[in-house]
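Written below as structure tokens is the structure these notes are about.
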Amino acid sequence: MAEATSMGKTFYIETFGCQMNVHDSEKVVGTLLRSGYEQVHAPDEADLVLYNTCSIREKAAQKVFTRLNEHKASSKLGRAQWREGVGWIKQQKIGVLGCVAQQEGEAIFEAAPHVSLVVGSASYTKLPELITRLEAGEKRVTGLSLDTDETFDTEFTARDNPYRAYITIIEGCDKHCAYCVVPFTRGPERSRTSASVLEEARRIVDLGYTEIQLLGQNVNSYRDASPAGLNFAQMLAAVAAVPGIRRVRYTTSHPRDFTREIVQAMDSHPAICNHVHLPVQSGSTEVLRRMLRDYTREDYLERIAWIRAATRPISITTDIIVGFPGETDADFEQTITLLDEVGYDSIFSFQYSPRPNTASLALDDVIPDSEKGQRLRIVQDRQRQIQEERYQRFLGTECEVLVEGGASRSAGDGSARWKGRTSENLILNFTVPTGCDPVPQTGSYWRTRVTRTAPNCLIGEAFAGPVFTPTRLRTTSPADHRGSDSTPPRSSREATIGSRAQRLDAVPFRIL
Ligand code: SAM
Ligand code: SF4
């Protein structure tokens, strides 16, 4: 840290998109801090500004170029800046990371000439070397190779979320669904070794985390890259067995590779949360065939039956795409009946968005935007009704929640309300008894009773006092993990920072 301040190198990072991107940014931040940079929280204060980008839908990709233009208009890009205690600093460098970087490549330099670094996620291990070249004066530095069997496996992770730690177990994707840009932006599937995943899980516990989320575009195709050869169900069970872990989540599952063994692992390990996110995309076998999803409606429903047969109730959520080319009214109706048949606790629903390089660009029968919009509204209205009905099952039941912070609205009588998350991944806003001491702390677990339901959450009241408060909240602060030399002790290589969901730039951070 002292080194970073004396050199005066600062960076700012902004993250767009999914949890994978959020976690990639945590690792990029850790890597930069380790390379002597200091994180700042306004682009104008930074020597290096990074945008970690998403291109899953056209709108997401456009947002990045809008942001780059806004930045250019508002910043003092071209001029040297005077920094108190540092002196004049040279022209700011702008970097685009992630999926838009990989998709657009060097074309970004033409579209946004103020950008001088373009790096896809498959090249993040080379970031320190690429940034050194940038510092040495190279005008256009790229890291765009997808020809890799490496994973971005680093001990230096600046964990942003104060209660949930992410671990990437598999990167890239080999599925090539007809609509999806991910295989082109994140490269081929490559799994980490089980030893490195478990070592990271133990480090996370040392830091005082109690919830882990395993990440991958398709976690079910995880194959241990070491001779131990664990499959995903075995990896999940091994992580859940790490002493100190109270909750394990995983995302995303692909129905084709979702096995009974995964449900058995959930049955055997109470730490694995009562939730499976199983994206179906469409309820029509014909559309699924054109989407190259490799399963039928019946195959999907068979997986749902396995999950419903688990020894404890498991909440199921999904992703839906409406308006895929050629989707007829009858196909669309199949999606609606699937919602009814499965009974999801929530869904993410999207209008089909044509993406570069994808197979679906060649399909005829493009659905007009107005029709896509209409179908999306129908899906969302039906799901709202389903949710309202399904949430009734929680009324009067007791749920343990992990506190994520203060809820945005106070209870009707003006008393404070906290936001918790159930094992099912549902938001539960709750009050505590008058005079309750201590009040809920982010990251602690409270027992609650559900008294009401709302369209997108549960509402309840807590019993007095937390059922569990992680050690980190009771006794330590990040400063307690401070290392004394260049090889800090294990728990000092990662650190936590306060959270603002999806945006890593809004929070103070220092590596310890
Ligand atoms: N790997 C996951 C899977 O197989 O379901 C999904 C990853 S993707 C980041 C998240 C979701 O975005 C997908 O499940 C899909 O519903 C949606 N999506 C992906 N490409 C899309 C496109 N071209 N148009 C609309 N939605 C899309
Ligand atoms: Fe995209 Fe399909 Fe891979 Fe998911 S499984 S990331 S939808 S190509």
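Could you tell me which residue of the stretch 50-65 is farthest from H23 (Cα to Cα), considering only residues that are more than 14 Å from ligand 1 (Cβ to nearest atom) and either among the aromatic types (F, W, Y) or in contact with a Pro (Cβ under 8 Å, 6 or more places away or on another chain) (or both)?
Among them, the one singled out is F65.
Could you list, in sequence order, the residues of the stretch 154-176 that are acidic (D, E) and either under 30 Å from R290 (Cα atoms) or crowded, with 20+ Cβ neighbours inside 10 Å (or both)? Explain how you work it out, then say what you get.
Filtering the stretch 154-176 down to residues acidic (D, E) leaves 155, 160, 171, 174.
Hits for the stretch 154-176 are D160, E171, D174.
Looking at this structure, is S346 closer than 19 Å to P279 by Cα, within 16 Å of ligand 2 (Cβ to nearest atom) and within 28 Å of the chain's Cα centre (by Cα)?
On the way: closer than 19 Å to P279 by Cα: yes; within 16 Å of ligand 2 (Cβ to nearest atom): no; within 28 Å of the chain's Cα centre (by Cα): yes.
No: the conditions fail for S346.
Taking the stretch 122-153, which residues are closer than 21 Å to I169 by Cα, open to solvent by less than 10 Å² (accessible area, probe 1.4 Å) and small (G, A, S)?
Let us first name the residues in the stretch 122-153 that are closer than 21 Å to I169 by Cα, namely 122-127, 145-153.
Subset that is open to solvent by less than 10 Å² (accessible area, probe 1.4 Å): 122-124, 127.
Hits for the stretch 122-153 are A122, S123.
Condition test on T318, is it modelled with pLDDT of 95 or more, touching a Phe, Trp or Tyr at 6+ places or on another chain (Cβ under 7 Å) and among the hydroxyl-bearing types (S, T, Y)? It would help to see each step written out before you state the result.
Details: modelled with pLDDT of 95 or more: yes; touching a Phe, Trp or Tyr at 6+ places or on another chain (Cβ under 7 Å): yes; among the hydroxyl-bearing types (S, T, Y): yes.
The answer is yes for T318.
Determine the pairs where a residue that is within 21 Å of L134 (Cβ to Cβ) and of a type in the set (G, A, S), located within the stretch 37-60, has a partner that is open to solvent by less than 30 Å² (accessible area, probe 1.4 Å) and away from ligand 1 (no atom under 16 Å from the Cβ) with Cβ atoms under 7 Å apart, the partner being 6 or more residues away or on another chain.
A42/Y12; A46/T10; A46/F11; A46/Y12; A46/V40; A46/Q92
Which of the residues that make up the stretch 212-223 are surrounded by fewer than 21 Cβ atoms within 10 Å (Cβ to Cβ) and either of a type in the set (D, E) or within 21 Å of P270 (Cα to Cα) (or both)? Explain how you work it out, then say what you get.
From the stretch 212-223, those surrounded by fewer than 21 Cβ atoms within 10 Å (Cβ to Cβ) are 213, 221, 223; that's our starting set.
Listed by number, the list holds a single entry, Q213.
Does at least one position in the stretch 323-332 carry a residue that is more than 16 Å from ligand 1 (Cβ to nearest atom), surrounded by 13 or more Cβ atoms within 10 Å (Cβ to Cβ) and over 26 Å from D299 (Cα atoms)?
Checked against the condition, which is being more than 16 Å from ligand 1 (Cβ to nearest atom), surrounded by 13 or more Cβ atoms within 10 Å (Cβ to Cβ) and over 26 Å from D299 (Cα atoms), the stretch 323-332 yields no hits at all.
Considering every residue within the stretch 71-86, establish whether at least one is of a type outside the set (V, I, T), at pLDDT below 95, open to solvent by 50 Å² or more (accessible area, probe 1.4 Å) and within 30 Å of T251 (Cα to Cα).
no
Within the stretch 187-211, which residues are buried (at least 23 other Cβ atoms within 10 Å of the Cβ) and either aromatic (F, W, Y) or within 10 Å of ligand 2 (Cβ to nearest atom) (or both)?
Result: Y209, single match.
Which of the strands (runs of 3 or more DSSP E) contained wholly in the stretch 428-512 include at least 3 residues that are polar (S, T, N, Q) and modelled with pLDDT of 50 or more?
Details: elements: 445-454, 457-462, 494-496.
Qualifying strands (runs of 3 or more DSSP E): 445-454.
Within the stretch 334-341, is there a residue that is out of contact with any helix residue (DSSP H, G or I) (no Cβ under 9 Å at 6 or more places or on another chain) and among the hydrophobic types (A, V, I, L, M, F, W, C)? Give the steps one after another, and end with the answer.
Step one: of the stretch 334-341, the residues out of contact with any helix residue (DSSP H, G or I) (no Cβ under 9 Å at 6 or more places or on another chain) are 337.
Imposing the further condition that a residue be among the hydrophobic types (A, V, I, L, M, F, W, C) reduces the set to none.
There is no residue in the stretch 334-341 that is out of contact with any helix residue (DSSP H, G or I) (no Cβ under 9 Å at 6 or more places or on another chain) and among the hydrophobic types (A, V, I, L, M, F, W, C).
Considering only the stretch 23-33, I want to know if a residue exists there that is in contact with a Lys or Arg (Cβ under 8 Å, 6 or more places away or on another chain), acidic (D, E) and in contact (Cβ under 8 Å) with a residue 24 or more places away in the chain.
Yes; the residues of the stretch 23-33 include at least one that is in contact with a Lys or Arg (Cβ under 8 Å, 6 or more places away or on another chain), acidic (D, E) and in contact (Cβ under 8 Å) with a residue 24 or more places away in the chain.
Here is a yes/no grid of residues against (1) outside any loop (DSSP other than H, G, I, E, B); (2) closer than 30 Å to P325 by Cβ; (3) free of Cβ contacts under 8 Å to residues at least 40 places away in the same chain; (4) over 28 Å from the mean Cα position of the chain (by Cα):
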{"site": "I367", "(1), (2), (3), (4)": "no, yes, no, yes"}
{"site": "G373", "(1), (2), (3), (4)": "yes, yes, yes, no"}
{"site": "I378", "(1), (2), (3), (4)": "yes, yes, no, no"}
{"site": "R384", "(1), (2), (3), (4)": "yes, yes, no, no"}
{"site": "Q387", "(1), (2), (3), (4)": "yes, yes, no, no"}
{"site": "S415", "(1), (2), (3), (4)": "no, no, yes, yes"}
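Quick one: Y300 ticks every box in (1) within 16 Å of ligand 2 (Cβ to nearest atom); (2) of a type in the set (F, W, Y); (3) open to solvent by 10 Å² or more (accessible area, probe 1.4 Å); (4) assigned to a helix (DSSP H, G or I) bar one, so which box is it?
Unmet for Y300, out of (1) within 16 Å of ligand 2 (Cβ to nearest atom); (2) of a type in the set (F, W, Y); (3) open to solvent by 10 Å² or more (accessible area, probe 1.4 Å); (4) assigned to a helix (DSSP H, G or I): (3).
Which numbered condition in (1) closer than 27 Å to S423 by Cα; (2) touching a residue at least 40 places away in the same chain (Cβ under 8 Å) is the only one that E302 fails?
With respect to (1) closer than 27 Å to S423 by Cα; (2) touching a residue at least 40 places away in the same chain (Cβ under 8 Å), E302 is out only on (2).
Let's see how each residue does on (1) touching a residue at least 40 places away in the same chain (Cβ under 8 Å); (2) under 18 Å from Q392 (Cβ atoms); (3) open to solvent by 30 Å² or more (accessible area, probe 1.4 Å):
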site	(1), (2), (3)
K419	no, no, yes
L426	yes, yes, no
T434	no, no, yes
W446	yes, no, no
R449	yes, yes, yes
R452	yes, yes, yes
E461	no, yes, yes
G465	no, no, no
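Taking the condition out of contact with any Gly (no Cβ under 9 Å at 6 or more places or on another chain) and at pLDDT 95 or above, does S423 pass? Don't jump to the end; show me each part of the working.
Working: out of contact with any Gly (no Cβ under 9 Å at 6 or more places or on another chain): yes; at pLDDT 95 or above: yes.
So S423 passes the test.
Going through the stretch 394-411 one residue at a time, which ones are exposed (fewer than 13 other Cβ atoms within 10 Å of the Cβ) and at pLDDT 95 or above?
Of everything in the stretch 394-411, those that are exposed (fewer than 13 other Cβ atoms within 10 Å of the Cβ) and at pLDDT 95 or above turn out to be G396, T397, E398.
The values are calculated or read from the model by the stated rules, or taken from the named source; none is laboratory data. Quantities reported herein were computed from a predicted structural model and do not represent experimental measurements. Glycine gets a Cβ as well: all are built from the backbone with ideal geometry, and neighbour counts include every protein chain shown. Surface accessibility is based on the protein's heavy atoms, side chains included, excluding ligands, DNA and RNA. Shrake-Rupley method; radii C 1.70, N 1.55, O 1.52, S 1.80 Å.
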